[in-house]
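Values quoted throughout were computed directly from the atomic coordinates according to the rules given, and no laboratory measurement underlies them. Model, not experiment: these values are computed from the prediction. Cβ placement follows ideal geometry from the backbone for every residue including glycine, while neighbour counts extend to all protein chains displayed.
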Amino acid sequence: MTAMRLYRLAELLLPGLFVGFIAGLVAGGLAGFVGQPIGWALVTGLALGIPLALLGAGYTMLLVQNKVRLGGFAPAALYWLIAYPAARLLHEVTTSAVIGGTPRLPEDVFGFLAYQGIVSAGFSIGFLWMHERVAPRYWQRISEHNPAAAKVYVRYAEHARIIFEAKERRKAMRGQVRAARRGGRPAGTPSPTADRPPARPGKNVAKPEGRKATSTTR
């Protein structure tokens, strides 16, 4: 693999690197917010941000190679169900080694991993939301000199077009239903008086004046 191909591949993976690293820095910022020293917060951010950045790049690689569905939550959730607990476990070991001087595992490793697997669902939602907003625009920007970025951006554009058209069809159908309901009946239902037979004359309807009443007197 030439240096140019490596460079173009690294360009493609930057969105996942960026989003994962930002997530780690947010964790470090939260650590500083709860009162830990600045050094501890920095170690926390880097110890979690670097693994998440690399794993985020791995997710982007699967996306670029068309191994996962565009915009799909299920593939992202399945990926981070495995990747996020691994990153958190590495984070715990690294933090204990840097701050405490001795690397150590959590006391209940299986319970720790199970809990992180639950948390990974929320993390995958945030990661996917941010990735879907950063990656397509970035790939469009570099598509002029990166053919691989151009291909994946075309896929995203086609996917966005299909989603938009489906959304517009649903909106039109809802508009028709609301218009029909404002008319007093559900959509597709004929008027209740459309097939009703004409009313018969009642007792109080005036009789025609063609014949006069005959006298009964003799």
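Kindly indicate whether any position in the range 82-91 is β-branched (Val, Ile, Thr), crowded, with 19+ Cβ neighbours inside 10 Å and either touching a residue at least 24 places away in the same chain (Cβ under 8 Å) or closer than 30 Å to VAL152 by Cα (or both). Within the range 82-91, not a single residue is β-branched (Val, Ile, Thr), crowded, with 19+ Cβ neighbours inside 10 Å and either touching a residue at least 24 places away in the same chain (Cβ under 8 Å) or closer than 30 Å to VAL152 by Cα (or both). For the range 99-126, a residue qualifies if it is under 18 Å from GLY49 (Cβ atoms) and either of a type outside the set (Val, Ile, Thr) or surrounded by 16 or more Cβ atoms within 10 Å (Cβ to Cβ) (or both), and the qualifying residues are GLN116, SER120, GLY122, PHE123, SER124, GLY126.
Within the range 105-126, the set of residues being within 10 Å of TYR84 (Cα to Cα) and either of a type in the set (S, T, N, Q) or touching a Phe, Trp or Tyr at 6+ places or on another chain (Cβ under 6 Å) (or both) comprises GLN116, SER120, PHE123, SER124. Are any of the residues in the range 149-158 surrounded by 14 or more Cβ atoms within 10 Å (Cβ to Cβ), of a type in the set (Ser, Thr, Tyr) and in a helix (DSSP H, G or I)? Yes, there is a match, as at least one residue in the range 149-158 is surrounded by 14 or more Cβ atoms within 10 Å (Cβ to Cβ), of a type in the set (Ser, Thr, Tyr) and in a helix (DSSP H, G or I). Scan the range 52-81 residue by residue and report those that are among the small types (Gly, Ala, Ser) and part of a helix (DSSP H, G or I). Residues satisfying the conditions are ALA53, GLY56, ALA57, GLY58, ALA74, ALA76, ALA77.
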